[in-house]
Amino acid sequence: MSDSCCGTTAIEIEQFTTAQQTAPGVTGLPVVVIGAGPVGLAAAARLAERGIDFLLLEAGDRVAASIAQWGHVRVFSPWKYNIDAAARRLLEADGWSEPDPEWLPTGAELIDDYLAPLAELFGDRMRLGATVSAISRLGYDRVRTAGREQAPFLIRLADGTELQARTVIDASGTYTSPNVLGASGLPAHGEGEVFVDHALPDVLGADRDRYEGKRVLVVGAGHSAATTLLALAELDDTPITWAIRAGNATRTYGGGDADALPARGALGTRLRAHVESGRIQLLTGFFTHRVNATDQGVEVISRDPSGHEQTVTVDRIVSATGYRPDHSIASELRLDLDPVLGSTRALAPLIDPNQHSCGTVPAHGVDELAHPEPGYYAVGVKSYGRAPTFLMATGYEQVRSVVAAIAGDWEAAREVRFDLPETGVCSSNLAEAQEQRVGLATGISGGLLSTPLPLATVSASAQGGCCG
Ligand SMILES: Cc1cc2nc3c(=O)[nH]c(=O)nc-3n(C[C@H](O)[C@H](O)[C@H](O)COP(=O)(O)OP(=O)(O)OC[C@H]3O[C@@H](n4cnc5c(N)ncnc54)[C@H](O)[C@@H]3O)c2cc1C
């Protein structure tokens, strides 16, 4: 029986998981890890350390292909929180030198100075260009039960190749499934027929020509929208419109001078100044309903719940509306998803964005991540579903716990904790670093910018009441 919270779920999970780990049908098969982002690579490092055979499948033609899309953006957590402990040990044994632990890397630096060297250690146990299109059980659809736990996982790739696995760690992220522009969660009418840029284009770098001199609309209220807006404001002759659903931008502006994180406050203060000066036109109460390509540009029509319409015509649209998990690859597996977030049900109350910022999520591991399908774990940012509060450090603890469970080390699997200082993972003295590039982005979407981010060292067993 589990000594962690959410007892009933944990008991069932333990039965499922141990049955699968000892099943004769899976003996000799590797653990398959989907996605070579920071969390998939950390899972591989943990598996390597424990001497467990694995295969790491990455859809992109390079490591961390999703981070590469926002490589020009500087993250808000310094190096010391972005490196997994097992990965650090493997890299140091290979002669690697850790970057300055206090520095805030860009996405590109994360890849070049950490993730790519780590991936190299795994040799042919990592495959690039390997897109997983579906996961099932060999000989079993989702309905068939008898003997299910003994059956290997069947993994189908986009090129038709099929592989078998004893366990699947799905770290495929959410970056490839952005939220839609449509305000009700459905695509706006015509959304599929016009070109929409997704969050964090490199406005001052590689993508400059696409924006300079164009009328640009940015939709969304989070750090990504703010970062893009500030970069656009540096371009000459580039009219900028910013559309948000809320009635005002107070939450995006954050706490200004009083903000718990000075750089975050500075970001909001600069944005507010641009809005107040008219450099950025703010449209509030904007519920994107329809987009039409016209001779004059793309017409974007908002229709609010009362039926009131607003229209803006632009040349380019940047959608910074966040991300959602794509569970379709696992639709033949038995998943127990929270109806709101799309995380596991056990994890949902711990990460609920109505209650938590990234800094107040408690450590969690295999018990909270297991599904009724024994041996399948979604980890990393995908595990959070639509909750926008994920941190790499959280994902590293998740995979440490999951891999310990795969190894049968349940004591280690259940001793989940963060080793983070009480002052927080999010650096609070970033003004200088921020100015070196266009700003900071977090992947955190609207409404969380004004939330303080205290992070205490907690162990789940010491927490209590997590299911409350
Ligand atoms: C702009 C931005 C800034 C952020 N800043 C921070 C920060 O400062 N600190 C912090 O802790 N967190 C930050 N985050 C949040 C989070 O840590 C990152 O999103 C992180 O990259 C998540 O890691 P991951 O490994 O779970 O997923 P990802 O990094 O998204 O990696 C998933 C990988 O899976 C691959 N993949 C996808 N589908 C498939 C498939 N079907 N088959 C095979 N491979 C597939 C992708 O190509 C990708 O390489 C930020 C996020 C964003 C977007």
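Quick check: from the Cα gyration tensor, does the stretch 318-410 come out rounded (a/c under 1.5), prolate or oblate? Oblate shape, in that a/c is at least 1.5 and b/c is the bigger or equal ratio. Could you look at the stretch 289-342 and say what percent of its accessible area is carbon and sulfur, using a 1.4 Å probe and all protein chains? It is 44 percent, rounded to a whole number.
Taking all protein chains into account, the per residue accessible area for the stretch 49-142 stands at 43 Å² (1.4 Å probe). Computed over protein heavy atoms with a 1.4 Å probe, the accessible surface of the stretch 195-342 works out to 44 Å² per residue.
With Cα atoms defining each centre, the stretch 282-322 and the stretch 347-381 are spaced 35 Å apart in the structure. Using a probe radius of 1.4 angstrom, the carbon and sulfur fraction of the accessible surface of the stretch 38-141 is 47%. Set against the 2.2 N^0.38 Å expectation for a compact globular protein, the stretch 25-81 has a Cα radius of gyration ratio of 1.37. Based on the alpha-carbon gyration tensor of the stretch 98-201 and its eigenvalue square roots a ≥ b ≥ c, which shape applies: rounded if a/c is under 1.5, prolate if not and a/b is larger than b/c, or oblate? In terms of gyration-tensor shape, oblate. Pairs of C-alpha atoms in the stretch 23-133 farther apart than 20 Å represent 40 percent of all such pairs.
The values are calculated or read from the model by the stated rules, or taken from the named source; none is laboratory data. Here the structure is a predicted model, which is why all the values come from computation and not from measurement. Accessible surface is based on the protein model in full, side chains and every heavy atom, while ligands, DNA and RNA are left aside. Shrake-Rupley method; radii C 1.70, N 1.55, O 1.52, S 1.80 Å.
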